[in-house]
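**Q** Here's a structure for you.
The values are calculated or read from the model by the stated rules, or taken from the named source; none is laboratory data. Computed from a predicted structure; not experimentally measured. With ideal geometry, Cβ positions are generated from the backbone for all residues, glycine too; neighbour counts draw on all protein chains shown. Ligands, DNA and RNA are stripped out before the accessible areas are found, and what is left, the full protein with its side chains, is counted by its heavy atoms. Shrake-Rupley method; radii C 1.70, N 1.55, O 1.52, S 1.80 Å.
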Amino acid sequence: MRRTSLSSRAPSRRRVLGGMAGLAALTVAGAAGTAGCAAPAAVGRGRTRVRFWHLFGGGDGVNMRTMLDAYRAAHPEIALEASTLQWGAPYYTKLGMAGAGGRAPEVAALHLARLPGFGPGRLLDAFDLDLLAEHGVTERDFPADLWQRGRVDGAQYAVPLDTHPMVLYYNTDICAKAGLLAPDGRLKPIRGTDEFVAALRAAGKVTGKPGLVVETLGAGTIGPWRLFSTFYSQTGGTLLNEDATRITIDEAKALNVLRFMRRLTDEGLAHRRVDYNGTVGVFGGGETAFLLNGEWEVSTFANLELPFSMTRVPALFGRPTAQADSHCLVLPHQRDRGGETNEAAHAFVAWVIRNTVEWAKGGHVPAYLPVLEEPAYLDLEPQSEYRSVIDDVALDPPAWFAGSASTMWIELGAVFSGVLTGSRTPREALEEATSRLRELLDTPNPLGDEA
């Protein structure tokens, strides 16, 4: 997962619809001149073309290129054409317009939580599960929740590639001095808010600074939303009902979480005003013991030769869940999908799913369960330390406006940012978040039936 700079002002309903319409218009114009958008065809010398669109940049992009090079070497009969598109809304709009026109690539990457708003059956084609099974990929090879999230109206539209959850990074030198490490060098178990606060205070005594850093502000900040989502999921609370048509927030549970978030900064346990890049700099510079963030910064800190490790977010509010999304592979809609090209697309998806040790180096937890038992994966440290979270990920509700790079993340991130920085009380934030959710529920999906 890669972060991108977005407007710090949360968009209104009119801005959401207008912005998506304008972006869609630009995408149509751009897609018309994009090479490789013609109907699938066999390539010279008997090679079959498979086009793959994805949004993986940075370290993710390097790891994906390594995987794709390995695939090409093992499959000389396939002409694999991979395209990296701009992360976020531009990627999703272009992919949606390609699917709407039926002239899309054979395979694409998608965030699983965005699937409900992406027109399964219209913008996406369903997988042939028999074809996947021929290449060693079946439902039983995945966590049940992740696999089921890819199913719509009885058809499978997404195959999970990974999950990328919020995790707890910790500086092993600081934690050792604070007496927070077990004899094996791992962080001692932390249960409940009191134990977490005690750990932060102990670490702060070593450094003379707050024990925790987490994103609290910035343009398009989403860290505060992800922090709230993690803790609120641990209470068992929900935002929306199962079909994402009604708000179901438990006020008492939500306020309990928001008051704890406010306590972290009010009592100097966490840095109050720091943007995303700032969190990486503070932890990477060895200034603080703990960082709550997505696991994708593991390569950044490894390259700094920082003494650190990673673990699951402690169960502070009951359940051991953590906010997460999941990269998945999908089949964008093609008017004439079928034949050798479609078979090759299924074989490519299965190969990528079964060969994700390289992908895991970037921090993501492979969704294909057999990989989690491979020695090559278990040897990855600290990436394999938090693998058990695969069974406890908290994905967004199945709404069109949810998921990575979504409107909900940006809007609620801005609201909960105020709790951490002190500009909103917990109750004010909850009321505003509820209002914004209600507005999103009333907003038609820009990629819905009328798109």
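**Q** Within the group Leu212, Leu255, Leu240, Leu227, which residue is closer than 17 Å to Thr421 by Cα and in contact with a Lys or Arg (Cβ under 8 Å, 6 or more places away or on another chain)?
**A** After ruling out the rest, the residue left standing is Leu255.
**Q** Would you be able to tell me the number of residues in region 229-242 that are crowded, with 22+ Cβ neighbours inside 10 Å and within 20 Å of Glu439 (Cα to Cα)?
**A** Going through region 229-242 one residue at a time, the tally reaches 2.
**Q** Just the residues that are open to solvent by 10 Å² or more (accessible area, probe 1.4 Å) and touching a strand residue (DSSP E or B) at 6+ places or on another chain (Cβ under 8 Å), please, taken from region 150-170.
**A** Scanning region 150-170 gives Val152, Asp153, Ala155, Tyr157.
**Q** Now for a separate question. Considering each of Glu432, Glu428 in turn, give the residue that is touching a Gly at 6+ places or on another chain (Cβ under 8 Å), free of Cβ contacts under 8 Å to residues at least 40 places away in the same chain and either on the phi < 0 side of the Ramachandran plot or not hydrophobic (A, V, I, L, M, F, W, C) (or both).
**A** So the residue among Glu432, Glu428 that is touching a Gly at 6+ places or on another chain (Cβ under 8 Å), free of Cβ contacts under 8 Å to residues at least 40 places away in the same chain and either on the phi < 0 side of the Ramachandran plot or not hydrophobic (A, V, I, L, M, F, W, C) (or both) is Glu428.
**Q** Among the numbered criteria (1) open to solvent by 10 Å² or more (accessible area, probe 1.4 Å); (2) assigned to a strand (DSSP E or B); (3) touching a His at 6+ places or on another chain (Cβ under 7 Å), which one does Arg122 miss?
**A** Only one criterion is unmet by Arg122, namely (2).
**Q** Considering (1) at pLDDT below 95; (2) farther than 16 Å from Ala347 by Cα, say which one Ser83 fails and leave the rest.
**A** Among (1) at pLDDT below 95; (2) farther than 16 Å from Ala347 by Cα, the lone unmet condition for Ser83 is (1).
**Q** For region 249-302, give me each residue that is in a loop (DSSP other than H, G, I, E, B) and within 19 Å of Gly218 (Cα to Cα).
**A** Answer for region 249-302, where residues must be in a loop (DSSP other than H, G, I, E, B) and within 19 Å of Gly218 (Cα to Cα): His271, Arg272, Arg273, Val274, Asp275.
**Q** Could you count how many residues in region 52-68 are loosely packed, with under 14 Cβ neighbours inside 10 Å and farther than 15 Å from Lys361 by Cα?
**A** 0
**Q** Can you tell me how many residues within region 330-342 are surrounded by fewer than 24 Cβ atoms within 10 Å (Cβ to Cβ) and in contact with a helix residue (DSSP H, G or I) (Cβ under 6 Å, 6 or more places away or on another chain)?
**A** Within region 330-342, residues that are surrounded by fewer than 24 Cβ atoms within 10 Å (Cβ to Cβ) and in contact with a helix residue (DSSP H, G or I) (Cβ under 6 Å, 6 or more places away or on another chain) number 1.
**Q** Cβ-Cβ distance below 7 Å, separation of 6 or more or different chains: which pairs start in region 243-264 with a residue that is in contact (Cβ under 8 Å) with a residue 12 or more places away in the chain and open to solvent by less than 10 Å² (accessible area, probe 1.4 Å) and end on one that is not aromatic (Phe, Trp, Tyr) and not in a helix (DSSP H, G or I)?
**A** Ala254/Gly237; Val257/Thr235; Leu264/Leu212; Leu264/Ala270
**Q** Here is a follow-up. For region 303-321: of the residues being within 21 Å of Leu380 (Cβ to Cβ) and in contact with an Asp or Glu (Cβ under 7 Å, 6 or more places away or on another chain), which is surrounded by the fewest Cβ atoms within 10 Å (Cβ to Cβ)?
**A** By that ranking, first place goes to Pro307.
**Q** Something else now. Go through the residues of region 137-147 one by one and say whether even a single one is in a helix (DSSP H, G or I), farther than 23 Å from Gly58 by Cα and among the basic types (Lys, Arg).
**A** Yes, there is a match, as at least one residue in region 137-147 is in a helix (DSSP H, G or I), farther than 23 Å from Gly58 by Cα and among the basic types (Lys, Arg).
**Q** Here's another thing I want to ask about it. Of these, Tyr71, Tyr91, which one is at pLDDT 50 or above, open to solvent by less than 20 Å² (accessible area, probe 1.4 Å), farther than 25 Å from Arg226 by Cα and among the hydroxyl-bearing types (Ser, Thr, Tyr)?
**A** Among Tyr71, Tyr91, only Tyr71 is at pLDDT 50 or above, open to solvent by less than 20 Å² (accessible area, probe 1.4 Å), farther than 25 Å from Arg226 by Cα and among the hydroxyl-bearing types (Ser, Thr, Tyr).
**Q** Could you give every pair whose Cβ atoms fall below 6 Å, whose first residue belongs to region 331-355 and is within 12 Å of Pro105 (Cα to Cα), and whose second residue is among the hydroxyl-bearing types (Ser, Thr, Tyr) and at pLDDT 95 or above, counting only separations of at least 6 or pairs across chains?
**A** These pairs meet every condition: Thr341/Thr48.
**Q** Output the qualifying pairs, or none if there are none: Cβ atoms under 6 angstrom, residues six or more apart or on different chains, first residue in region 305-327 and under 18 Å from Ile174 (Cα atoms), second residue in a strand (DSSP E or B) and open to solvent by 10 Å² or more (accessible area, probe 1.4 Å).
**A** From residues that are under 18 Å from Ile174 (Cα atoms), the pairs are Thr311/Leu187.
**Q** Restricting attention to region 360-371, which residues are open to solvent by 10 Å² or more (accessible area, probe 1.4 Å) and either among the basic types (Lys, Arg) or free of Cβ contacts under 8 Å to residues at least 40 places away in the same chain (or both)?
**A** The one that is open to solvent by 10 Å² or more (accessible area, probe 1.4 Å) and either among the basic types (Lys, Arg) or free of Cβ contacts under 8 Å to residues at least 40 places away in the same chain (or both): Lys361.
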